[in-house]
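Remarks on the structure that follows.
What follows is calculated from the coordinates using simple rules that are stated; it is not laboratory data. Since the structure is predicted, the reported quantities are computational estimates derived from the model, not experimental observations. Cβ sites come from the backbone with ideal geometry, for glycine too, and all protein chains shown count toward neighbours.
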Amino acid sequence: MAIRNIIQNGDPTLRKKSFEVTDFGEKTHQLLDDMKDTLILADGAGLAAPQVGVLRRIFIVSAEGKYYECINPKIVKTSGEQIGEEGCLSVRGKFGTVKRPMKVTVKAQDRFGKPFTVNASGFLARAFCHENDHLDGILYIDKATNVGDC
Ligand code: CO
């Protein structure tokens, strides 16, 4: 395991679309393990592979005592809305107000390629939406109604 460098806003990699994952072997497992260590050290709620410079459709979410590894995720259903503050490990020192769905259903694959579905609401739903956007080169500051300094 290793800590990976989290790239910052302004790096063009953050604006690229990530590619589907077809490798569910050692290389992907290593990436996931490194991302987890990196997220814990950074004390964040989620991290997407492009944030560590890897353009693959992978993100992890760690919040409310739960931990998810999502590979090739798709948000298949949303309902309601919530308005709240968000930050990002790639946009250090800032926060912003973003409107997100209150509930989401995410379909993804685990590290072995096995499909699963997760229903989330509130903060977890927000985290899934935020991380999923990273896979399409979207940052929360693109959607925020205001961005301030922490
Ligand atoms: Co982020």
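Note on residue 23/residue 150: beta-carbon distance plugged into 1/(1 + (r/R0)^6) with R0 of 41 Å gives a FRET efficiency of 0.65. Rounded to the nearest whole Hz, the Karplus-based 3J(HN,Hα) values (6.51 cos²θ - 1.76 cosθ + 1.60, θ = phi - 60°) of region 138-150 follow the sequence 9, 10, 4, 5, 6, 10, 5, 7, 8, 10, x, 8, 5, with x at glycine and proline. Can you give the helix-only mean residue ellipticity at 222 nm for the chain, where every DSSP H stretch with n ≥ 4 adds -39500 (n - 2.57) and the sum goes over all residues, rounded to the nearest 500 deg cm²/dmol? Helix-only estimate at 222 nm: -6500 deg cm²/dmol.
Where in the chain lies the longest segment free of GluC sites (Glu not before Pro) that are both loop residues by DSSP (not H, G, I, E, B) and have at most 10 other Cβ atoms within 10 Å? Intermediate values should be presented prior to the final figure.
Values: sites that count: 20, 81.
After excluding every exposed loop site, the longest remaining stretch is 82-150.
For region 99-149, the average shadow cast by the Cα convex hull is 4.4 nm², which is a quarter of the hull's surface.
Can you give the extra length, in nm with one decimal, that the chain gains between residue 43 and residue 97 once fully stretched, where that is 0.36 nm per residue apart less the Cα-Cα distance? Could the numbers behind the result be given before it?
Details: separation 54, 0.36 × 54 = 19.44 nm, distance 2.02 nm.
Fully extending the segment from residue 43 to residue 97 adds 17.4 nm.
Under a 5 Å amide H cut-off, with hydrogens placed 1.01 Å from N, residue 19 pairs with 56, 57 among residues at least 5 apart or on other chains.
Here the calculated FRET efficiency for residue 15 and residue 112, from their Cβ-Cβ distance with R0 = 35 Å, stands at 0.70, rounded to the nearest 0.05.
Using a ≥ b ≥ c from the Cα gyration tensor of the chain (square roots of the eigenvalues), is it rounded, prolate or oblate, where a/c under 1.5 gives rounded and otherwise the larger of a/b and b/c decides, a/b for prolate? Oblate shape, in that a/c is at least 1.5 and b/c is the bigger or equal ratio. Each Lys or Arg adds one and each Asp or Glu subtracts one; over the other residues with Cβ under 11 Å from the Cβ of residue 97, this totals +1.
The order of 126, 15, going from fewest to most other C-beta atoms within 10 Å of their C-beta, is 15, 126. Dividing the mean sequence gap of close Cα pairs (under 8 Å, 6+ apart) by how many residues region 1-116 holds gives a relative contact order of 25 percent.
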